[in-house]
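Single-structure report; data block below.
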Amino acid sequence: MWAGRGVVLGFAALAGLTVVAFTWLTEHALQMFSVLDAQAWWAPLLWTPACTAAIVWLTRRFAPCAAGSGIPQVMAALTPEVPPAARGLFVSLRLALAKALLTAWGLLAGLSLGREGPSVQIAAGVMHHARR
């Protein structure tokens with residue numbers, strides 16, 4: 001019984017640290033975009049659409065379940081009607097990594113993205129891995 005609790009506590013701490021790392025990454029991405037914008041006012045006119053197209057293509061091609069805000073995916077994974085084997089379609093370590101990198105890239109591109117929904121999906125992906 002205590003071993004199970006230890007696993008949950010350990011993964012909860014890891015989930016929290018993962019969200020802190022994600023926040024740090026997105027803060028730096030925002031700062032880098034601000035530097036780009038300050039150095040050349042016209043650069044976002046080229047940079048933002050090019051990055052957006054690449055992000056959409058990569059998301060659709062390699063991580064379609066990483067699309068969206070993140071909270072509806074976690075809610076779907078927690079629905080009792082969803083079989084346990086299908087929960088990995090909504091939350092997983094792979095999706096957590098994709099969500100973190102694609103969101104940070106989106107902020108680097110100058111997109112108006114939130115971090116709360118992705119943080120929920122990233123932490124849920126880490127916690128889902130604890131079930132293994």
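Points worth noting:
- Among residues of region 57-74 being exposed (fewer than 13 other Cβ atoms within 10 Å of the Cβ) and over 13 Å from the mean Cα position of the chain (by Cα), the one that is modelled with the highest pLDDT is 57.
- Residue among 74, 7 that is on the phi < 0 side of the Ramachandran plot, touching a residue at least 60 places away in the same chain (Cβ under 8 Å), in a helix (DSSP H, G or I) and β-branched (Val, Ile, Thr): 7
- Some residue of region 96-119 being crowded, with 20+ Cβ neighbours inside 10 Å, part of a helix (DSSP H, G or I), without any contact (Cβ under 8 Å) to a residue 40 or more places away in the chain and touching a Pro at 6+ places or on another chain (Cβ under 7 Å): yes
- For region 31-49, a residue qualifies if it is within 21 Å of the chain's Cα centre (by Cα) and either under 25 Å from residue 116 (Cβ atoms) or in contact (Cβ under 8 Å) with a residue 24 or more places away in the chain (or both), and the qualifying residues are 31, 32, 33, 48.
- Members of region 122-132 that are out of contact with any Leu (no Cβ under 7 Å at 6 or more places or on another chain) and buried (at least 20 other Cβ atoms within 10 Å of the Cβ): 122, 123, 124, 128
- Within this structure, residue 92 fails the test of being hydroxyl-bearing (Ser, Thr, Tyr) and surrounded by fewer than 13 Cβ atoms within 10 Å (Cβ to Cβ).
- Extreme residue, surrounded by the fewest Cβ atoms within 10 Å (Cβ to Cβ), among residues of region 14-56 that are in a helix (DSSP H, G or I) and among the aromatic types (Phe, Trp, Tyr): 24
- Verdict on residue 78 being modelled with pLDDT of 90 or more and either exposed (fewer than 14 other Cβ atoms within 10 Å of the Cβ) or within 25 Å of residue 25 (Cα to Cα) (or both): no
The values are calculated or read from the model by the stated rules, or taken from the named source; none is laboratory data. Being a predicted model, the structure only gives us computed values, none of them experimental. Methodologically, a virtual Cβ is constructed for each residue, glycine included, from the backbone with ideal geometry; neighbour enumeration extends over all protein chains shown.
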